[in-house]
1. Hey, with R₀ at 60 Å, roughly what FRET efficiency would residue A:31 and residue B:56 work out to, going by the Cβ-Cβ distance, to 0.05?
2. Mind listing the lone cysteines of chain B, meaning no other Cys beta-carbon sits under 4.7 Å from theirs?
3. In debye, nearest 20: dipole of segment A:229-322 around its Cα centre with unit charges on the Cβ of K, R (+) and D, E (-)?
4. Determine, for A:118, B:123, the number of other Cβ atoms within 10 Å of each Cβ, and report the residues in order from fewest to most.
5. Just order A:260-266, B:128-134 by mean Cβ neighbour count inside 10 Å, highest at the front, would you?
6. Could you derive backbone 3J(HN,Hα) for segment B:273-283 from the dihedral phi with the Karplus parameters 6.51, -1.76 and 1.60 (θ = phi - 60°), listing whole Hz in sequence and x where the residue is Gly or Pro?
7. Please work out the C-alpha center-to-center distance from segment B:243-304 to segment B:206-231 and express it in whole Å.
8. Check residue B:149: other-chain or 5+ apart residues with amide H under 5 Å from its amide H, H built from backbone geometry?
Number of protein chains: 2
Amino acid sequence: MQNRQIHLDNRPKGEASASNFKLVTAETPALADGQVLVRHHFLSLDPYMRGRMNESKSYAQPQPLGQVMQGGTVGEVVESRSPKFAAGDKVVGMGGWQEYSVVDADQVGMLRKVDTTHVPLSHYLGAVGMPGVTAWYGLVKIIDPKPGQTVMVSAASGAVGTAFGALAKARGCRVVGIAGGPDKCKYVVEEIGFDACIDYRGKDAYALSKEIAQAAPDGVDGLFENVGGVCLDAVMLRMNAFARIALCGMIAGYDGQPVPMTYPQLLLVNRVRLEGFIVSEHMEVWPQALQELGQLVGSGKFRPRESVAQGLESAPEAFLGLLKGRNFGKQLVKLV
Amino acid sequence: MQNRQIHLDNRPKGEASASNFKLVTAETPALADGQVLVRHHFLSLDPYMRGRMNESKSYAQPQPLGQVMQGGTVGEVVESRSPKFAAGDKVVGMGGWQEYSVVDADQVGMLRKVDTTHVPLSHYLGAVGMPGVTAWYGLVKIIDPKPGQTVMVSAASGAVGTAFGALAKARGCRVVGIAGGPDKCKYVVEEIGFDACIDYRGKDAYALSKEIAQAAPDGVDGLFENVGGVCLDAVMLRMNAFARIALCGMIAGYDGQPVPMTYPQLLLVNRVRLEGFIVSEHMEVWPQALQELGQLVGSGKFRPRESVAQGLESAPEAFLGLLKGRNFGKQLVKLV
């Protein structure tokens, strides 16, 4: 079967660009015993992919050159030589930026059947998938807030940020977001249920911290950090004693020079616990987290928003837009 | 009784100076029931005192203006109206920068009798006192290293740094210090038993990190940070996955502008856990920590070094020298 793919052709020097990617057409190989052929309905685009485009050490191996960009996918089994899957099964996996993938069904964690009765298939790449579990881990395992405490999240309108907000509200927290632009701020307050959201655009850490003082009058007990830079600096200026920071991403620095933390002494002054993590190293929490997230979404209490780009060829531009914050909610590419 | 005291006269603008302090002569008040009069033999000088000289929020209340500089003291009870203490008892307390203090013996934690059979009195302000317990808490409760792991400490030749090294060696760790100057480096290696020590003077983070790579060929699993700035940046460039940072001090920034953390993204890349702490909030560990430290010192396995200034009037200059790293080991002022 003809299978269009997007490869990483060369590594970015500084800012990533469309010329780092290359559209290639291949043929899907014939299935061996135990394999299934999956047709991808959606590709997931996630900030962590930017780190993997570099050759330098990051938490994951670099994305190899001349190969399909790796990433999460949801789709449908179209052919199976495994007793575990049948044609028509809806599945989530790591198929990468291509229209089809051939998967060894016996390898643990490669492919998981999902139920689309109450949860739309695409949400298994977002709120009921890796981004949702990421939010859950940072909130529950690192920040561990008490009801009534104030927690904040940057990139609040994204897949992780909205899941964080929904989970924290369900735990009785005051939730304050930081997002880029009034529409995103309005969205997380009116549709996700955040108590407040601050537009970071055009503001330095000091100006931002003054707005945080208004939105979080009792100070900040926990921060889920996706961005770094001024967002992190500003929240740190408003942290309470014994606050916790779940450090999940530093998208502000992904494209170029490292972005410093301006006031590290505040970690000491406020006896902060900060923990960097990646959710794929904590597979033990996924079942519990996915169950809670599935219930929030399935019951309609949490309605995640998606930015959907059309067609495989749109993936590079959609990804670059994600890095600039041009997406609004979970960024997907729709293939079918 | 005539009692000379040093008061905080005014707050520093930028760098602290001798003119912030004022020598005052007072009379010790008559004892009420339950009180004891202590003659101080040694005052402790500690970096945390610099933070308290500022009015701004720190982890402790600011040092009040026009009052005796607060701080740890060891001495001898010279008069007692409490059944708990008798004249001649050796005691450790928080008597401040003065020759005598009157203490309410019934207030928990104000005064503690100590045994000077095996441990010299002055060490109760250092290795077998607050700095020793500080090292113990960061090592045992935050870094929690396995035998064979590599741990580092900045300000290695100081009271906290040497205790940290002695405790970590006793746990089978590879211990690498950072200190200012070849004499201090030589001392911690030859006399405290560090495996290596790096002189930070005149080096940027990159040069320092190259030396760390030599001294810690398997990378760094734990850091006890007293200094911040380039020392912290350099170690962060050599951290292993799941490393821990016990953040105890940032002396590099105490005197002026905040010193940024240059590569905060490494906390994410290496999934680091960083925790700021102050040991007075963890009184529950003191008995266990003091017992271990007392045994290390009492048995002669750990011989802490002291810098001793003579006479109360020398306290301000000795304190300013400590902030510049001019001390060598625990900085004390001898009064008797």
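1. Details: r = 67 Å, r/R0 = 1.12.
The computed FRET efficiency comes out at 0.35.
2. B:173, B:231, B:248, each lacking another Cys Cβ under 4.7 Å.
3. Dipole size: approximately 560 debye.
4. A:118, B:123
5. Values: A:260-266: 22.4, B:128-134: 27.3.
For the peptides A:260-266, B:128-134, the packing ranking is B:128-134, A:260-266.
6. Karplus values, whole Hz, x for Gly and Pro: 9, 10, 9, x, 8, 10, 6, 6, 8, 10, 4.
7. Each part's Cα centre sits 15 Å from the other's.
8. Residues meeting the criterion, in which the H sits 1.01 Å from N, are B:174.
Laboratory data are not the source of any read-out in this text; all were calculated from the coordinates shown. The model shown is predicted, which means the values in this text are computed figures rather than measured ones. Neighbour counts run over all protein chains shown; Cβ positions are idealised from the backbone, glycine included.
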